[in-house]
Amino acid sequence: MALDRLTGENSVVFTRSEQLLDLARRHSLWYLMFGIACCAIEMMHAGGPKYDFDRFGIFHRGSPRQSDVMIVAGTVNKKMAVSLKTLYEQMPEPKWVLAMGACACTGGPFRDYPNVILGVDEIVPVDVYIPGCPPRPEALQNGFLELQKAIKRRAEERVDAGRGEDRG
Amino acid sequence: MSPWLDGALRVLAALALMLTNGVILILMLRKVLARFHARIGPNRVGPKGLLQTVADVGKLLTKEDFAPRAADKWLFTLAPLVVFVPAFAAYAALPFSETWVIADLETGVLYTFAALSMVPIGILIAGWASSNKWSLLGGMRAAAQQIAYEVPLLLSAIPVIMLAGTMDMGVISEAQQGAWAVIPRWYIFHPIGFGAFLLFLVAALAELNQTPFDMSEAESELVAGFATEYSGMRFGFLFLAEFSNSFIVSALAVVLFFGGWTLPFLPVEWVAAVAPVVFVLKVYFGIFVLMWIRGTQPRIRIDQLLSLGWKALIPVSLGGILFTGILLKVVG
Amino acid sequence: MPDVAKIAADLERAGLGAVQVAEEGLGVVCRADTSDAPRVLEALKADGFEMLLDLFGADTGEGLVVTYHMRSISLDEDVYVTADLAYGGTLASVWTSYPSALYPERETAELFGLSLEGHPNPKRLLTTDAVEEPLLLKSTAVRTHEEVRRDG
Amino acid sequence: MAEHDDVREPVLIAEGASAPAGLPKGLRRVPRGVDEFATEHLIVNMGPQHPSTHGVLHVLLELDGEEVVAAEASLGYLHRGLEKLSEHRRYHQIGTLLDRADYLSGVHTELAFARALESMMEIEVPARARWLRSLLCEITRLSSHLVWMGTFGMDIGAMAPFLYILRDRDAVLDVLEEITGARMMFNYVRPGGVLYDITPKAEQMMLEFLDRFESTYLPEYHDLLTGNEIFRARVRDIGVIDRDTAVAFGLTGACLRGSGVAWDVRKERPYAAYGELDFDIPSGSKGDCWDRYMVRMEEIRVAGGLARDLLDGMPEGPYMAKVPKVLRPPEGEAYASVESPRGELGVHVVSDGSDKPTRMRLRPPSYFNLAVIDEILPGHMIADVVAVIGSIDIVLGEIDR
C-alpha cells in the first residue's frame, strides 16, 4: 500500500487501515503443505473432516508463492536445510513460521545426531513453537490461534507507536 | 444519456458483476467442496463465514509484490491481465433477460467463444514468463489443450445455432420458451440438443481447465502449474478469471441448452419480471455441477485428453452437424 | 534352514573353497574375503538365492563387517554372507547380479567411509558434503548433552 | 545461522553415470542432452517440496516434452540417524526411535525389534500378548493402507478419497489411542509382551468402526476409485514391474505380490498370532499400478476381517512375560522380520552382551521398493510418475532413517 507515503507512517489513517488489513491477514492464513516427517501426518489430519482448519480460513497451498504460513512439520537435517531456506525466501511478505513438533523446535529425539539441525530457528525465524512428538491437531490449532494473537498484538503495537505512546 | 456515460456504466456493471461473482463463487467453491468432502468449510469469518473471501482478498491485496529474478518481468505482469480482460469482456453478450444485456450482439455466441479462447494465451504467457519449469509445463499443456478443445466446443454449439437459426443469445433464449406437452422446450430435451450438450460439457470442462481436465494446474503433478510463481493479487487475478470463466461457460450452457432466462409452464410476463434472477440461479446450478465434478473425479492424463479431443470429440461433433443439417432439410 | 553341506560344496565347485560355511545363531553364514564376496554371491544366486534382501555394514571396533542377506523365494530359505573390511577400504559392487544392492551399497560406503568399485552411480546417498565424517563409524561421536542445550 | 552456511546444494546428477554395457537388468540410463529429433531435454527436480512426493523425496527427472527419459531418486532429506542413535540407547529406549521410522505403522517396527530381542534372549511371549500384537498390527495396517489409498487417489487427482480416509483414520486413531494411549507414537510392543491390555471400550469402538467401515465406507471407496473409468485408464498398464525385476530389486510386500509372487512373512514365517489364523494373501499378476492397488484394497478388507477374528478369539492370560529391568542379550546376532504395510520389515541386532546394541540395522521395505523407480520410470509421462510413486507406497521416515 502506498498509503504510508501519502499520510505518513504514523498517521491514524495508516495505522487504522493496517489494523483492518491485519484482521484480514489473521483470518486468511494459507499454509504451505510442507510435511517433512511424522508431524506431517497430524498436519494432514488437521485439514481433515474432524478438525477442518478450513473453518478458520486456514487452507493449504502447494506453492510457497501463495502461502502465508510455513508449518515446519518434522526433523530438519543439513540436506533439508538448504531447501527449507529457499522455500522460506520464496514466500512473499508478510509471512510466518510455525515450528511444529519437538524436532522443529529443538531437534527432538534426534538432536544427538550430527546431521540433524537443532531447531528450525537456526535457519528461519520462528513465530510460534508447538511442542509435542507429534503434537495433536488440537495443538496445531492452538498454535494457529496463538499466531493470530501475535499478529493482532503486532498491529496494536504499531497503532500505539503511531499515537506516540506505550500501553506497556 | 450520453453514449459515453452509457458505455462507461455498462463497463462498470460488468466489472461489478464479475467481482461480485468471483467473491461469491470462491466462497461457494470452498463450501461446496467442503460438503462433498465431509467437512464444514469456512464458518468463522463473518456470519456463517460469509466474509472469508473478503479476508482472502484483503490479504492478497497487501502481499509483497513479487516477480522471480529470472522471470520476464514485462510478460509476467502482463499475463494475469491477458487472462483477466477476456474473462471480463465475455460478460458483455450474456442476456440476463430480454432487456438486461450489456451489449446486445447479433453474433453473441461467437463473440463469447472468441473471448473465452483468449484465456489460454494468457496462461501460456504466464507459464513461459515465470521461468519455472513446472509453470512452463503447465503453460504448454494449456496451449495443447486449448487447440484440441476449442474446436469441439464451438462445433458442439453449432447444432443449436442451426436449430435456432441465429447466433444472438437473446433470440436463442426466447426460442426455448414454452413446452412440448409436458417437456420444456429447452434444447437439452431435443434429441440433437442432448447429444450436443454432452459434447459441450466435456469440451467446456477441458476449456475451463476443470477436473477431470485440470491439466495446466494439476496440483499433484505440477505443484500449481502455470500459477506456481504468482503471488498476491496477481494470483488473485488468475483465480478470479478462473471463476469468471466458469460463470461464462455455465451461462453459455444455460442459454444454449437450458432456455436462458425463460421458464416453462409460466406466463411470459411473470417470468420477465424475475428473468435475471432465474438466469443467475440456473447459471449457479451449472457451476454447482462443475464443482461437484471437481470434488469427486480424478484427473485424466494429458495424452489421453488430447486423443479424446482429436480422435473422438471433433469427428463426433462434425457428424452431429451433418446429421442436424440433414434432419433440418428433411423435417423442415 | 538351507543345507550347509550343499552350499559349501557348491562354493567349492566355484573355486571358493576358502569360504567358511557354518550354522550360527543368525542362520547359515558364509564368511568370505572381501574380494571374494561378489563371486560368492554369484555362486549363491546360481543356487537359487535370487533376492538380495539386505546389505549393511557394521563397525566392530577393530574393523568393518559387511553382511549380505540373501533369500530364495522358491526354497523359502535365507543365507548370510559376511565379509571383513578394513576402515576406509573398498567395497566391490554386486549390483550386476543384485540390483537391489544399488542403494545400500552407496549408503554403506557413505556412512562407513568406504570407496565403491564398479558402482554405476557412486555418489553420496543420504547426506551432503556438509557432513564430513562417516556417520556410522564408532569413532564419530554423537552430540553431547552440552552441545544440544538451547539455553547457552 | 552462520553455523550452517557450509550446507551446499547436493550434486544432482552424477556425470557419466551410464550403466556398463551387457548387464542384465538395472539402470537403463540414457545420457542426458539432445535426442534424435533435436529437442532439448528438460531436467526438473520433483521435490523435496512437491505435493505428491509423499514427504521429502526428491526425484530428478529428465524429460523429453512430458515423457521421462531418465529418473533418479535422491534421498536423505530426512536422514536423522535412527541406527546410529540406537547404538547410544538402551534396548528399552530404542522403541521410541523405531516408532518414528515408519510413522504410519509404528507397531510393526516395534514388533520386529522386540522379536529380534526375544529370539536372542529366548523369552517366551504369552498367548494374549501375541494376539494383541497381531491385533494392533492389523489395525495399523488398515489405517496405513487408508492413508496410502487417499494419497494415491490424490496423486491421480481425486480429492474426495483423501478427505474420506482422514475421517476414517481419525476413528481408527481413536481406537488406537484407547488401547495404547497415543495417536501415532505408541511404543506399545515391548520385548516380552505388550504395554497395556485391551479395554472393553476399545473393543467395542473397534467393532463399531469395523461395522461402519465394511458396510458403508469400503464400498464407497470402491465406487469412488475402483469403479471410476478415469482412474482405471490412469493406472492400468502403468509402472509395470515384472516378476524378475521385482525379485532382483528386492521388492517385498504389496509391490512383490502385485507382480505375482504371493510371498507374505505372515504366512511364510508366522509370527505373533498369525500361525493360528486363517487368512488370504491377495496377489496380482501383471505388476502394474492397478495390481498393486487391488492387492492393497484387498488387504484392507482382509485386515478388517483379521481384526474381527483376533477380537473374537483373544485368549485370556497375562499380556507381559517376566523380563529383566535392564535387557542384556547375550553376545550374538539376530534377525527378525514382520510384514509391515509396505513389505518385509526386518531388524538385525548385533549384541556384545552389554545393555546397548553394537549395531541395529533396520531393513526398511520402502527403501528397497523405491529403488525400482529408477528402472521403471523411463518411458512414462509426468502424470504417471506420481502415480507410480504413489502405488509403491513409500514412507520417507523409514527410507532415510
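Within 27 Å of residue B:331 (Cβ to Cβ) and surrounded by fewer than 24 Cβ atoms within 10 Å (Cβ to Cβ): is that true of residue B:171 in this structure? Before the answer, list the steps.
On the way: within 27 Å of residue B:331 (Cβ to Cβ): yes; surrounded by fewer than 24 Cβ atoms within 10 Å (Cβ to Cβ): yes.
Yes; evaluated as a whole, the condition is true for this residue.
Take the residues in region C:39-55 that are within 13 Å of chain D (Cβ to nearest Cβ) and outside any helix (DSSP H, G or I), then tell me which one is surrounded by the fewest Cβ atoms within 10 Å (Cβ to Cβ). Show your work before the answer.
Our first condition is that a residue be within 13 Å of chain D (Cβ to nearest Cβ); within region C:39-55, this holds for C:41-42, C:45, C:48-55.
So of that shortlist, the ones also outside any helix (DSSP H, G or I) come out as C:48-55.
Numbers: C:48: 14, C:49: 26, C:50: 20, C:51: 25, C:52: 27, C:53: 21, C:54: 26, C:55: 26.
Going through the qualifying residues, I end up with C:48.
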Inset, instruction - Kindly indicate whether any position in region B:57-70 is away from chain A (no Cβ under 14 Å) and more than 30 Å from residue B:45 (Cβ to Cβ). - result: no
Legend entry - Residue selected from region C:111-152 under the condition more than 9 Å from every other protein chain (Cβ to nearest Cβ) and among the hydrophobic types (A, V, I, L, M, F, W, C), by the criterion surrounded by the most Cβ atoms within 10 Å (Cβ to Cβ): C:112
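What number of residues within region D:164-179 satisfy the criterion of being open to solvent by less than 20 Å² (accessible area, probe 1.4 Å) and in contact (Cβ under 8 Å) with a residue 12 or more places away in the chain? Please lay out each step first, then the result.
Of all residues in region D:164-179, those open to solvent by less than 20 Å² (accessible area, probe 1.4 Å) come to D:165-166, D:168-170, D:172-173, D:175-176, D:179.
Applying the additional criterion that residues be in contact (Cβ under 8 Å) with a residue 12 or more places away in the chain yields D:165-166, D:168-169, D:172-173, D:175-176, D:179.
Number of matching residues: 9.
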Legend entry - Criterion violated by residue B:311 - all others in (1) in a helix (DSSP H, G or I); (2) within 9 Å of another protein chain (Cβ to nearest Cβ); (3) among the charged types (D, E, K, R); (4) closer than 30 Å to residue D:379 by Cβ satisfied: (2)
Legend entry - Residue list for region A:34-55, filter: surrounded by fewer than 21 Cβ atoms within 10 Å (Cβ to Cβ) and over 15 Å from residue A:139 (Cβ atoms): A:49, A:55
Legend entry - Meets criteria (more than 8 Å from every other protein chain (Cβ to nearest Cβ), within 23 Å of the chain's Cα centre (by Cα) and at pLDDT 90 or above) for residue D:395: no
Legend entry - Residue tally, condition loosely packed, with under 15 Cβ neighbours inside 10 Å, within 14 Å of another protein chain (Cβ to nearest Cβ) and assigned to a helix (DSSP H, G or I), over region D:181-219: 2
Inset, instruction - Would you mind finding the one in B:101, B:160 that is of a type in the set (A, V, I, L, M, F, W, C), in contact with a Phe, Trp or Tyr (Cβ under 6 Å, 6 or more places away or on another chain) and either within 30 Å of residue B:272 (Cβ to Cβ) or in contact (Cβ under 8 Å) with a residue 12 or more places away in the chain (or both)? - result: B:160
Legend entry - Unmet requirement for residue D:110, which otherwise passes all of (1) surrounded by 19 or more Cβ atoms within 10 Å (Cβ to Cβ); (2) more than 24 Å from the chain's Cα centre (by Cα); (3) of a type in the set (Asp, Glu): (2)
Inset, instruction - With respect to residue D:87, determine if the residue is more than 9 Å from chain A (Cβ to nearest Cβ), on the phi < 0 side of the Ramachandran plot and at pLDDT below 85. - result: no
Inset, instruction - Evaluate region A:138-149: report whether one residue or more is assigned to a loop (DSSP other than H, G, I, E, B), open to solvent by 10 Å² or more (accessible area, probe 1.4 Å), farther than 30 Å from residue C:139 by Cβ and within 14 Å of chain D (Cβ to nearest Cβ). - result: no
Inset, instruction - Would you point out which residue out of B:228, B:262 is modelled with pLDDT under 85, over 15 Å from the mean Cα position of the chain (by Cα) and facing another protein chain (nearest Cβ under 10 Å)? - result: B:228
Legend entry - Criterion: open to solvent by 10 Å² or more (accessible area, probe 1.4 Å), under 30 Å from residue D:211 (Cα atoms) and out of contact with any Cys (no Cβ under 7 Å at 6 or more places or on another chain) - qualifying residue of D:311, D:306: D:311
Inset, instruction - Please enumerate the residues belonging to region B:20-44 that are aliphatic (A, V, I, L, M), in contact with a Phe, Trp or Tyr (Cβ under 8 Å, 6 or more places away or on another chain) and either touching a residue at least 12 places away in the same chain (Cβ under 8 Å) or open to solvent by less than 20 Å² (accessible area, probe 1.4 Å) (or both). - result: B:25, B:26, B:28, B:29, B:32
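Can you list the strands (runs of 3 or more DSSP E) found entirely within region A:30-98 that contain at least 3 residues being more than 9 Å from every other protein chain (Cβ to nearest Cβ)? Walk me through how you get there before you give the answer.
Values: elements: A:30-32, A:59-61, A:69-73.
By residue number, A:69-73.
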Inset, instruction - Would you be able to tell me the number of residues in region D:115-142 that are over 18 Å from the mean Cα position of the chain (by Cα) and on the phi < 0 side of the Ramachandran plot? - result: 17
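Suppose we keep only residues that are of a type outside the set (Gly, Ala, Ser) and in a helix (DSSP H, G or I) within region C:4-38. Which one would you say is most open to solvent (accessible area, probe 1.4 Å)? Before you say what the answer is, go through the steps one by one.
Within region C:4-38, the first condition is being of a type outside the set (Gly, Ala, Ser), and the residues that meet it are C:4, C:6-7, C:10-13, C:16, C:19-21, C:23-24, C:26, C:28-31, C:33-34, C:36, C:38.
Next cut, in a helix (DSSP H, G or I) only: C:4, C:6-7, C:10-13, C:38.
Numbers: C:4: 38, C:6: 103, C:7: 7, C:10: 27, C:11: 3, C:12: 117, C:13: 180, C:38: 26 Å².
The qualifying residue most open to solvent (accessible area, probe 1.4 Å) is C:13.
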Inset, instruction - Working only within region D:362-392, note down all residues that are of a type in the set (S, T, N, Q) and within 12 Å of chain C (Cβ to nearest Cβ). - result: D:366, D:369
Inset, instruction - Filter region D:48-67 down to residues that are at pLDDT below 80 and within 18 Å of residue D:401 (Cα to Cα) and give me whichever is most open to solvent (accessible area, probe 1.4 Å). - result: D:54
Inset, instruction - Please enumerate the residues belonging to region D:334-361 that are facing chain C (nearest Cβ under 9 Å), within 24 Å of residue D:90 (Cβ to Cβ) and in contact (Cβ under 8 Å) with a residue 40 or more places away in the chain. - result: D:334, D:335, D:337, D:346, D:348, D:358, D:359, D:361
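With respect to residue A:119, determine if the residue is facing chain D (nearest Cβ under 9 Å) and buried (at least 20 other Cβ atoms within 10 Å of the Cβ). If you could, list the steps in order and put the result at the bottom.
Numbers: facing chain D (nearest Cβ under 9 Å): no; buried (at least 20 other Cβ atoms within 10 Å of the Cβ): yes.
No; evaluated as a whole, the condition is false for this residue.
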Inset, instruction - Return only the number of the condition from (1) within 26 Å of residue D:352 (Cβ to Cβ); (2) open to solvent by 30 Å² or more (accessible area, probe 1.4 Å); (3) more than 9 Å from every other protein chain (Cβ to nearest Cβ) that residue C:108 does not satisfy. - result: (2)
Legend entry - Single residue of D:231, D:249 found to be aromatic (Phe, Trp, Tyr) and under 22 Å from the mean Cα position of the chain (by Cα): D:249
Inset, instruction - Please indicate, with yes or no, whether at least one residue in region B:176-185 is open to solvent by 40 Å² or more (accessible area, probe 1.4 Å), touching a Ser or Thr at 6+ places or on another chain (Cβ under 8 Å) and in contact (Cβ under 8 Å) with a residue 12 or more places away in the chain. - result: yes
Inset, instruction - Please determine, by comparing only the residues of region B:225-269 that are part of a helix (DSSP H, G or I) and acidic (Asp, Glu), which one is most open to solvent (accessible area, probe 1.4 Å). - result: B:269
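The values are calculated or read from the model by the stated rules, or taken from the named source; none is laboratory data. Note that the coordinates shown come from a computational prediction; the quantities given were computed from them, not determined experimentally. Glycine gets a Cβ as well: all are built from the backbone with ideal geometry, and neighbour counts include every protein chain shown. Note: areas computed on protein heavy atoms with side chains; ligands, DNA, RNA excluded. Shrake-Rupley method; radii C 1.70, N 1.55, O 1.52, S 1.80 Å.
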